[in-house]
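Have a look at the structure below, then the notes.
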Amino acid sequence: MHVLARELRKPEVDQVCAAMDTARASAPTLPFVLEMAKVRFVPSLAMGVLVGLAREFKGRGQRLIFAGMQPDVKQSFTISHLHKMLEIVDDVVAALASIGGS
């Protein structure tokens, strides 16, 4: 799934969550790639929601892969040590390669 918002504030993160719920309902066991290349800013509230989503996926035995984070966004996740809790890859190609897709 591609995140089109430049900032993930409360309304945008709610939209992302709703879209993810719809998408994963059709494929509840497949790995899920969240492509974030357009996102330039993720406030702490949204970071917490994303970590919560990752935990939900993990609890179901399903992978949630974050792909294409902008350097500033990736740095925010690194500084806050959230990168240790999330599966983050450079881009969608890398995400697909990590799950054996093309």
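Things worth noting here:
- Residue satisfying condition, being within 20 Å of ALA94 (Cβ to Cβ) and surrounded by 13 or more Cβ atoms within 10 Å (Cβ to Cβ), within set MET69, MET47: MET69
- Consider the range 1-44 and keep the residues that are basic (Lys, Arg) and surrounded by fewer than 17 Cβ atoms within 10 Å (Cβ to Cβ). The one that is nearest to ALA97 (Cα to Cα) is LYS38.
- The listed residue being at pLDDT below 95, in contact with a strand residue (DSSP E or B) (Cβ under 9 Å, 6 or more places away or on another chain) and of a type outside the set (Val, Ile, Thr), out of GLU56, GLU35: GLU56
- The one condition in (1) exposed (fewer than 15 other Cβ atoms within 10 Å of the Cβ); (2) over 20 Å from ARG24 (Cα atoms) that LEU82 fails to fulfil: (1)
- Selection within the range 9-49 - in contact (Cβ under 8 Å) with a residue 40 or more places away in the chain and either over 14 Å from ARG63 (Cβ atoms) or β-branched (Val, Ile, Thr) (or both): VAL33, GLU35, ALA37
- Those residues of the range 46-65 which are farther than 14 Å from PHE77 by Cβ and in contact with a Lys or Arg (Cβ under 8 Å, 6 or more places away or on another chain), in sequence order: PHE57, GLN62
The values are calculated or read from the model by the stated rules, or taken from the named source; none is laboratory data. Please read all numbers here as calculations on a predicted model, not as lab measurements. Glycine also receives a Cβ, built like all others from the backbone with ideal geometry; neighbour counts cover every protein chain displayed.
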